[in-house]
1. Among 25-34, 310-319, how do they line up from the highest to the lowest mean number of other beta-carbon atoms within 10 Å?
2. Starting from 0.36 nm per residue, how many nanometres of slack lie between Gln54 and Asn110 once their C-alpha separation is accounted for?
3. Could you tell me the relative contact order of the stretch 175-245? Use alpha-carbon pairs under 8 Å, at least six residues apart, and round to a whole percent.
4. Would you please put 265-276, 283-294 in order of how densely packed they are, using the mean number of other Cβ atoms within 10 angstrom per residue and starting with the highest?
5. How would you rank 131-137, 97-103, highest first, on the average number of other Cβ atoms within 10 Å across their residues?
Amino acid sequence: LADVTRSASALANSVSVQQGDVKGATRHTLTGNTADKVQAMGGAAAANSIWLQQSTTQGSNITVSGNTANDIHTSGGSGSIGGGAVGSFERNGRALANSLALDSNANLQNAPVTITGNTARSVQGSGGLAAANSALVSDGRVQNSTLTISGNTADNVRATGFEGSAGGGLLFSSKQNAMALVNSLGVFGSTVDAGSIALSGNTGRDLSAQGGKLVANSVSVEKGEGGGSRLSAAVTVSNNTASQVSTGASSMAGPGSVFSESSVARAATNAVVLYQNVRVDASSPISVAGNRASNVGAIGGTALVNALAGYRDASVTGSPITIANNTANDVRTGGGYNQTAGIGSAKNGILVANGIYLEGEGGVRLAGSPVSIQGNT
């Protein structure tokens, strides 16, 4: 599972394919499974999930549906993985529940992906990544496929970082100390060329990332270890609900604290995020419609709610953008002494609800793209 050297891995009701090829009408199906108390100390825990690493899958359906995962935990620990001493970059925790991960040059071709009707409770990754009812593509490629994430429910999903942690090993850089993905698609240093990406009817409650980023009912396309990402797909985020969502720039986050850019807090809820050297082409209309979010807080950071956000050399060319009929209630950001809203290195205290936000060094390009923002509350 990703960075497994000198790491502990625990898999329950899961499929792991490493350095192999799967071709010709093969079905990866995980349906109706239940996993309780799956834990890995200093490594990866996967429940009801599919992990493809350094492998190619062609003409195969991938379905993760009707599964239940409870109490899925990892702990990166401070100095020991699998009984041996390790460096700070290896102290990672990765917890996956009802999810798909493509990693390390994995290729998915002509393979519809469906993640639907799953339930995840108490999913926690310490020093890294927690993912529930989600799909992740890291240093991989998706071609001529579709992705549907619908009707999933997640409660109590948390990611907690610590100094020196690499948030998820190969999945994220060392500056991203914690990341939680809930009913979401995360793309990192990868190319996604799909007919459609649809996130609909998902529910997330009691979600938290301390010392990093939280992505709930959202599509997040970001630069990875190997470079920027490319997206070519019609993206729809519709009729999702999120409540009790919080993120802080560290485990000590609070109104009186000041945080650096490297430990920025970001909560994205019912949103599309394009972060650093991301390209979206002309065949990729983006729609965020009919979503609801309440009780969302980012202390010392940024809250993106029912929104599209582009950062640092992100580019959208020729694709229409629609943000319509969304509702946001009780959304809060907080800064501290010497913090400024959107100015300087801290960039704390930014709230974007039912809107579009473009920001960052190197410029953000929005060209030839009709924009519609209507009927939001």
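Read-outs throughout are calculated quantities, based only on the coordinates presented, and are distinct from any laboratory measurement. Treat the numbers as computed from the prediction; the structure is a model and nothing was measured. With ideal geometry, Cβ positions are generated from the backbone for all residues, glycine too; neighbour counts draw on all protein chains shown.
1. 310-319, 25-34
2. 18.4 nm
3. 47
4. Those peptides, ordered most packed to least, come out 265-276, 283-294.
5. Taking the mean over residues of other Cβ atoms within 10 Å, the ranking is 131-137, 97-103.
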